[in-house]
Amino acid sequence: GVDVATVRAVRDQMSTSTWMVLTPVERAIHTLRRAVADSWVGPDHVGGLTSDGVLDLGPNLARAHDEILHGVLALAGLQAESMVHDAGWQFMDLGRRIERTVTIADLTRAMFVDVHDRDVEQALLDAYLIANESSVIYRRRNRGLLQLSSVAELLFFDDSNPRSLIYQLDRMRDRLTALPEALRSAAAERSVEEMTAELRRSDPVDLAEPDASGRRSELDALMTTLGD
């Protein structure tokens, strides 16, 4: 997420364009907070409930999501194209790659270690591709039903896909080796190399195959290793 208060603490390091991006994000978060507060009527009753008793923020949540997403995308563009790629930038991008790797690993384990029936798995694979911004390229390359092995090939092993695990690991290696000598860490570089080797030893077909217990144990083990 975007911690605007943290950014304000280093405002002398931020360009005018950065504030143009962050101000609408901050405003969207405050507006959503107000919508939640306005829905609370009292200690024993919440307003704005659906028939199922769920707090319905509907349009407010969708609007806040869109505005925050636009801001974060613009911020990523500024960071990539307008910041000097010094040691601070290398660490910032390294952090992004670490977070993305952990997110993919956790999401994969939650969705696919347990085997589901065909219709459910199709829906999960579709949602998984959308969440990882890879739906369009997958459908361009593949025809017919979604298959976990093909999705894994794209999201784990395709080094041309900026959302894939191998892409994150390659960028981690690049960022660590680009640091000034005094800041480099042999242990961190070795860790990335070990993760890369572990991933490359895996096969997407084997990862998609359930064991006798009906779980994808090999996929679970790999994602746990990467996430840890």
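The values are calculated or read from the model by the stated rules, or taken from the named source; none is laboratory data. For clarity, every value in this text was computed on a predicted model and none was experimentally measured. Quick reminder, even Gly has a Cβ in these numbers, built from the backbone with ideal geometry, and neighbours come from all protein chains shown. For accessibility, only protein heavy atoms count, side chains too; no ligands or nucleic acids. Shrake-Rupley method; radii C 1.70, N 1.55, O 1.52, S 1.80 Å.
Values for this structure:
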{"read-out": "Residue list for segment 84-118, restricted to those being farther than 25 Å from A152 by Cβ, open to solvent by less than 50 Å² (accessible area, probe 1.4 Å) and among the aliphatic types (A, V, I, L, M)", "value": "A87"}
{"read-out": "Top-ranked residue of segment 199-210 - restricted to ones that are in contact (Cβ under 8 Å) with a residue 12 or more places away in the chain and either touching a Gly at 6+ places or on another chain (Cβ under 8 Å) or farther than 18 Å from Q147 by Cβ (or both), ranked as most open to solvent (accessible area, probe 1.4 Å)", "value": "R200"}
{"read-out": "Residue among R190, R173, R184 that alone is surrounded by fewer than 12 Cβ atoms within 10 Å (Cβ to Cβ) and out of contact with any Lys or Arg (no Cβ under 9 Å at 6 or more places or on another chain)", "value": "R190"}
{"read-out": "Exclusive hit being at pLDDT below 95 and surrounded by fewer than 13 Cβ atoms within 10 Å (Cβ to Cβ), set S160, S213", "value": "S213"}
{"read-out": "Tally of residues being among the β-branched types (V, I, T) and over 19 Å from the mean Cα position of the chain (by Cα) across segment 80-118", "value": "2"}
{"read-out": "Spans of helices (runs of 4 or more DSSP H) in segment 10-123 with at least 1 residues among the hydroxyl-bearing types (S, T, Y) and at pLDDT below 90", "value": "16-39, 58-82"}
{"read-out": "Filter pass, M223 being open to solvent by less than 20 Å² (accessible area, probe 1.4 Å) and not in a loop (DSSP other than H, G, I, E, B)", "value": "yes"}
{"read-out": "Residue in segment 136-153 that is among the aromatic types (F, W, Y), assigned to a helix (DSSP H, G or I) and open to solvent by 30 Å² or more (accessible area, probe 1.4 Å) present", "value": "no"}
{"read-out": "Matching residues, segment 65-79, being open to solvent by less than 50 Å² (accessible area, probe 1.4 Å), without any contact (Cβ under 8 Å) to a residue 60 or more places away in the chain and over 14 Å from the mean Cα position of the chain (by Cα)", "value": "A74, G77, Q79"}
